[in-house]
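None of the figures in this text is laboratory data; all of them are computed from the coordinates on show. On a predicted model such as this, the values are computed, not experimentally measured, just so you know. As a convention, Cβ positions derive from the backbone with ideal geometry for all residues, glycine included, and neighbour counts pool all protein chains shown.
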């Protein structure tokens, strides 16, 4: 299944790196802890990193009721957000061909504030379980007061595109003989061993859902 | 030295985490390979990750002449961009207190296209030396044709703010006795051992500027 190509998501530069395949796009979203939301205040576009969750074709974000970014989003019908993983730095013999390998996604979606307690709880459950799978089962759920203080926003994905750059270092043929070193520096974002927040927690066994998360991501997200 | 607090950079939520100190802001920018640029096309705000460079109070980005993002920026007087490092995931006993530790910067600056060959070269040198310090000395400089095909944009920082979250996991007092595990999962972005792009490059010694970069960042940017 693919997202339709529209004027908003069709890649023009580097089109060979683009994919509209839903499975690939969802996989990159699901391996990202943070997305970057773009929004407009007084005519200026800002970008802000934030945790999020995905369930099927919907994304969820949350913030306090006074949050500047979610307030701006609710004035817009649509939102665009992006995620990005840097995978490698590519050093060519010419300055011109230096570049990076990466996985990125851009999503354009419709914004809706969730109002009922049931919908807000489901949105927050999706965010917490995106943060660490199964975590929702192993923490205290939000109470009435916390729910009232939290704004939960649903973003229905309308169009999306991923770009995946994973090629080797390139150089012009006439540069190959130059006596400059050319190669790659791999980059990874990894998690390290989890630890309890105090002595009481450190005396407990680290739960399975936390160890599963650690083992899945210790060699890279 | 501090950046002035204006309506555009003053942090309202989580103000205790904010710093306007130039040294701290520059340090976070300099440890970032990628910034995220916010821009507007047909009324919708987008965010796009891109390499950049910093020299004193100016940032530089580049792209092809047809690049959609740089074209949009040149229609604006100002631009906002952000960088973000995820440092830790904080898992509290309540869903409500889950959060992350991070270092982030938001910059608002004036946009100017560099037109002369000299200015463009200096901008590109700053970008390449931000990518890997001293790299400019060890690669072929852009020729006339490459320079003509490249747009170089200078962003003069007008205001900026960093947010640094590095506190431990918090819980409400009444939740402390709950039988849920609470703790932290440290996150790092690291570089791994550089390697030559082909057998010829692999037979050479890895140059000092590359090894220096590796040693500085192998335990985290």
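Have a look at segment B:115-221 and give its Rg and Dmax from the Cα atoms, expressed in angstrom.
Calculated on Cα positions, Rg and Dmax stand at 22.3, 69 Å.
Considering only the label points, 7 Å along Cα→Cβ from Cα, what distances in nm to one decimal separate residue A:212 from the same position in each other copy, shortest first?
Nearest to farthest, the other copies are at 4.7 nm.
Specify the inter-centroid distance of segment B:1-41 and segment B:150-190, based on alpha-carbon positions, in whole Å.
Centre-to-centre (Cα) distance: 14 Å.
What does a probe at residue A:12 reach in segment B:30-47, counting residues whose amide N is under 17 Å from the point 7 Å along Cα→Cβ?
Taking a point 7 Å out along Cα→Cβ of residue A:12, the residues of segment B:30-47 whose backbone N falls under 17 Å are B:39-47.
Averaged over A:203-212, how many beta carbons belonging to a partner chain fall within 10 Å of each residue's beta carbon?
2
Give me the inter-chain shielding for B:140-147: mean count of other chain Cβ atoms within 10 Å, whole number please. Working shown, then result.
Details: counts 12, 3, 3, 4, 0, 1, 5, 1.
The shielding value for this peptide is 4.
As I understand it, the value is the acute angle between the Cα axis of helix B:208-217 and the longest principal axis of the Cα atoms of chain B; what does it come to in degrees, rounded to 10?
Helix B:208-217 sits at roughly 20 degrees to that axis.
Using a label point 7 angstrom from Cα along Cα-to-C-beta, what distances in nm, from shortest up, separate residue A:145 from the other copies?
List, nearest first: 7.0 nm.
Quick check: pseudo-label points 7 Å beyond the Cα along Cα→Cβ at residue A:2 and residue A:144, how many nm apart are they?
5.2 nm
How do A:105-116, B:208-219, B:93-104 rank on mean C-beta neighbours within 10 Å, highest first?
Going from most to least packed, we get B:93-104, A:105-116, B:208-219.
Kindly state, as a whole number, the per residue volume in cubic angstrom of the convex hull around the alpha carbon atoms of the protein assembly as shown.
About 154 Å³ per residue, rounded to a whole number.
Please compute the average number of Cβ atoms from other chains found within 10 Å of each residue's Cβ in peptide B:72-85.
Partner-chain Cβ atoms within 10 Å, mean over residues of B:72-85: 3.
Rounded to the nearest 0.05, what FRET efficiency do residue A:202 and residue A:23 give with R0 = 41 Å and r taken as the Cβ-Cβ distance? Could you check?
0.55
Using a 10 Å cut-off around each Cβ, can you sort A:176, B:205, B:158 from fewest to most neighbouring Cβ atoms?
Taking fewest neighbouring Cβ atoms as first place, the list is B:205, A:176, B:158.
Say R0 is 41 Å: what FRET efficiency, to the nearest 0.05, do residue B:173 and residue B:77 get from their beta-carbon distance?
On the way: r = 50 Å, r/R0 = 1.21.
Once the sixth-power term is evaluated, E becomes 0.25.
Which order do B:3, B:52 fall in if you start with the one that has the fewest other Cβ atoms within 10 Å?
Going from sparsest to densest Cβ surroundings: B:3, B:52.
Enter the Cα centre distance for the pair segment B:80-109 and segment A:89-123, rounded to the nearest angstrom.
Taking the Cα centre of each part, segment B:80-109 and segment A:89-123 sit 15 Å apart.
Averaging sequence separations of C-alpha pairs under 8 Å and six or more residues apart, then dividing by the length of chain A, give the relative contact order as a whole percent. Don't jump to the answer; show the numbers that get you there.
Working: 403 pairs, mean separation 55.9, N = 221.
Dividing the mean separation by the residue count of chain A yields 25 percent.
Shortest first and in nm with one decimal, please list how far the residue A:117 label point sits from its counterparts in the other copies (point 7 Å along Cα→Cβ).
7.2
Let me understand segment A:1-146 better: what is its radius of gyration from the alpha carbons, and its Dmax, in angstrom?
Here Rg and the maximum Cα pair distance are 17.5, 60 Å.
With a ≥ b ≥ c taken as the square roots of the eigenvalues of the C-alpha gyration tensor of segment A:70-146, please select rounded if a/c is under 1.5 and otherwise prolate if a/b is larger than b/c or oblate if it is not?
Oblate, because a/c is 1.5 or more while a/b does not exceed b/c.
Per DSSP H run of n ≥ 4, the term is -39500 (n - 2.57); total these for chain A, divide by its residue number, and report the mean residue ellipticity at 222 nm rounded to 500 deg cm²/dmol.
-6500 deg cm²/dmol
Can you tell me the orientation of helix B:117-131 relative to chain B, as the angle in degrees between its alpha-carbon axis and the longest Cα principal axis, to the nearest 10?
With rounding to tens, the tilt is 40 degrees.
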